[in-house]
Amino acid sequence: MTTNPRFCGICDQRHITKPSSDWCSECNQALCTECKDLHAIIKALQHHSLIPIANYLSLGTSFSLVEGHCPLHDDKYQLFCQSHDCLLCLTCLEEHMNCENVVRISKLTKDIKTSEIFLETKNGLSEIILKLSKLQSQLEDNLRNIKIQKESALREIYQIREKMNNHLNQIESALKTELCEIMDDQCHSGIDMTSLQEVKREKANVEHFQQQMEDLSKYGSDLQTFFDLRKIIAKTATANQYLQTLADDGKLDKMTFTCEINKLIPDFLTDVKSLGKIQLQKIPGYITLDSAKDANAQLVGSGNKSISDLQISFLILHGGRIL
């Protein structure tokens, strides 16, 4: 069989090069127009479903290519050993006579695209993407809010600065520098470069799995669907574990800071050595990790605040009063 699906595999065996027009998922073979017609009239192959070769080529690596014949015994696979997780032809069966979990492939793949586990996996992928989308939105909102809070804090610092004389120049500059360093180095690196980017990558991965499910549903054979479904289920579990890990590792924690103006400012000409200090705080975030089958909501973190609640507080104290 030709390894290039753009050319007919049957003609290739006859040393003829002809462009393919269709792909048989059951035979794992490309067919030209003439071979497609022959394929359709062979009784044993009439139940095979063909897809246009352009559609097949567009799938790329969306799902696995599963050979239907045993390369050792040149016979069709008819059984599956669940104990050893392998396909068996009738000759292979001789080595698995003591295995208790040998099942006909036709039994395992029957109605698999409408099975409960297929539908649950498909819905599970949608749920994870929805959760990742919400988390992405919260992180982006958090970044926007913290930029606004930064600008607000800088304005307040400037207003205080206008009420002071040149003696405050040095300590004003020091506080502004501290504020910007904390915001740029810690807040932005902690949220934008780590949590948000990780969530975007994980979301893209899960969207790829979701596309696999759609491709399997439309174009995959039952055998391909059976094998890829097991892989996708495992990756779905990994994605769910990733969501839990985000919470466990504190990556959903929100950050906030306060800027407290030194209460000794009235006596700054003789006493004040600094304009204030910047305090960065993290508020635990949450994301709902329950699935459609779980009626009880599970919240990671505490309280009712969302990730977008990251705040900057700039406190100005004057004579024991907050201005």
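The values are calculated or read from the model by the stated rules, or taken from the named source; none is laboratory data. Predicted, not measured: the structure shown is a model, and the values here were computed from it. Counting neighbours? That spans all protein chains shown, and the Cβs are built from the backbone with ideal geometry, glycine included. What goes into the accessible areas is simple: the full protein's heavy atoms, side chains included, and nothing from ligands, DNA or RNA. Shrake-Rupley method; radii C 1.70, N 1.55, O 1.52, S 1.80 Å.
Observations on the model:
- Taking the listed residues 186, 197, the one that is under 37 Å from the mean Cα position of the chain (by Cα), at pLDDT 70 or above and surrounded by 12 or more Cβ atoms within 10 Å (Cβ to Cβ) is 197, with no other qualifying.
- Condition broken by residue 257, with the remaining ones in (1) at pLDDT below 75; (2) open to solvent by less than 80 Å² (accessible area, probe 1.4 Å); (3) not in a strand (DSSP E or B) satisfied: (3)
- Residue within the stretch 281-294 that is crowded, with 18+ Cβ neighbours inside 10 Å and at pLDDT 75 or above present: yes
- One residue from 154, 135 being open to solvent by 40 Å² or more (accessible area, probe 1.4 Å), more than 30 Å from residue 111 (Cβ to Cβ) and at pLDDT 85 or above: 154
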